[in-house]
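Data block below; observations after.
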Amino acid sequence: MILGSHVGFKEQQLLGSLNEALEYDANTFMFYTGAPQNTLRRSINKVYTDKAKEVMKENNINIDNVICHAPYIINLANKEKNWDFSINFLKQEISRCDEMGIKYIVVHPGNALKEDRQVALNNIIDAVNIVLDTQNKCTILLETMAGKGSELACTLDEVKYLIDGINNKDRIGVCLDTCHLNDSGIDISKFDDYLDTFDKKIGLKYIQCVHLNDSKNELGSHKDRHENIGFGTIGFDNLINVLNNPRLRDIPFILETPYYMDKPPYKREIESLKTGVRVTEQEDLVK
Ligand code: FE
Ligand code: FE
Ligand code: ZN
């Protein structure tokens, strides 16, 4: 089982993220290379990166399972709004990943805004094809979205359309987000049916990461508000079944559940997912 949470990337960059993950007894983690809402980035510090790789080895953490998440301000779907900026910024994020040896970057495919959805999907394909060049290495994982506002990639057909249009199939994959799936109308209690359809339409090998989150909202609500494991509408048993699904073995599962009373719940959430013993009071998550 490869299980961790999103963590910070502040003072000591990758080493700081790793140390936070180790506090949660995680064997992987996901980080943003800076604030997800802005483009201020410090250059990658080689000393911290090298030390992080050393500590990963000591703790049996495979760097190939460590995930970067691109900032939300990137929108590849609308050529009128920040399209060139988004392409350039994603390229820069990928080179930061390459510098650290990080293999996967999760990207929200984009928001159509006032653009026609079909045109917007084509814009995403164009952008990804520009971003993936011979100078860089990192694989882009397109995240499945809830369909909030004008978000794209909230149906399997849209995800399939994107994957089909991207030329470099070796460097494109999908990150499933259970909260987003639920909110987009996928019943997680029938997760195997979803995987069957995914396999038929796209191919399971494209699923290279899962964001394991409960949801605050009902099936099909198109909201996207994450909840702590077992305290939302998806529920503990359904999330455990996703985590233990034999068809998703050997890929990283990342918690992006909210802090509770300003404290990270990840140590207890990871423990309860590993043991299968659920935490019944939400405040116990942060004790
Ligand atoms: Fe995301
Ligand atoms: Fe997510
Ligand atoms: Zn979300």
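The values are calculated or read from the model by the stated rules, or taken from the named source; none is laboratory data. Remember, predicted model here, so these are calculated numbers, not experimental data. A quick note on method: Cβ atoms are made from the backbone with ideal geometry, for glycine too, and the neighbour counts reach across all protein chains shown.
Descriptive notes on the structure:
- Options V128, V159; residue that is within 16 Å of ligand 3 (Cβ to nearest atom) and either within 18 Å of L248 (Cβ to Cβ) or in contact (Cβ under 8 Å) with a residue 24 or more places away in the chain (or both): V159
- Residues in segment 253-271 that are away from ligand 2 (no atom under 16 Å from the Cβ) and either free of Cβ contacts under 8 Å to residues at least 12 places away in the same chain or among the β-branched types (V, I, T) (or both): D262, I270.
- Only one of the listed residues (I207, I202) is within 18 Å of the chain's Cα centre (by Cα) and crowded, with 17+ Cβ neighbours inside 10 Å. That residue is I207.
- No other residue among K200, K137, K103, K169 is out of contact with any strand residue (DSSP E or B) (no Cβ under 8 Å at 6 or more places or on another chain) and closer than 20 Å to V66 by Cα apart from K137.
- Residues within segment 239-259 that are part of a helix (DSSP H, G or I) and either exposed (fewer than 14 other Cβ atoms within 10 Å of the Cβ) or touching a Phe, Trp or Tyr at 6+ places or on another chain (Cβ under 7 Å) (or both), tallied: 5
- Search result, residues across segment 244-280 that are of a type outside the set (A, V, I, L, M), within 16 Å of ligand 1 (Cβ to nearest atom) and under 17 Å from D214 (Cβ atoms): F253, E256, T257, P258
- Some residue of segment 194-217 being free of Cβ contacts under 8 Å to residues at least 40 places away in the same chain, within 16 Å of ligand 3 (Cβ to nearest atom) and at positive phi: no
- Test: residue in segment 26-33 that is in contact with a His (Cβ under 6 Å, 6 or more places away or on another chain), under 26 Å from I251 (Cα atoms) and within 16 Å of ligand 2 (Cβ to nearest atom): yes
Condition check ((1) part of a loop (DSSP other than H, G, I, E, B); (2) surrounded by 16 or more Cβ atoms within 10 Å (Cβ to Cβ); (3) within 16 Å of ligand 2 (Cβ to nearest atom)) across all residues:
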position	(1), (2), (3)
M1	yes, no, no
G4	no, yes, yes
S17	no, yes, no
N88	no, no, no
S95	no, no, no
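- Qualifying residue in segment 49-66 (condition: within 16 Å of ligand 3 (Cβ to nearest atom) and either closer than 20 Å to A127 by Cβ or in a loop (DSSP other than H, G, I, E, B) (or both)): no
- The set of residues in segment 150-183 that are buried (at least 21 other Cβ atoms within 10 Å of the Cβ), among the charged types (D, E, K, R) and more than 16 Å from ligand 2 (Cβ to nearest atom) contains only E158.
- Yes/no for Y48 being farther than 26 Å from V210 by Cβ and either within 16 Å of ligand 2 (Cβ to nearest atom) or in contact with a helix residue (DSSP H, G or I) (Cβ under 6 Å, 6 or more places away or on another chain) (or both): yes
Quick grid of which residues meet (1) in contact with a Ser or Thr (Cβ under 8 Å, 6 or more places away or on another chain); (2) at pLDDT below 95; (3) not charged (D, E, K, R):
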residue	(1), (2), (3)
N238	yes, no, yes
V242	yes, no, yes
N245	no, no, yes
T257	yes, no, yes
K263	no, no, no
Y266	yes, no, yes
E269	yes, no, no
E281	no, no, no
L285	no, no, yes
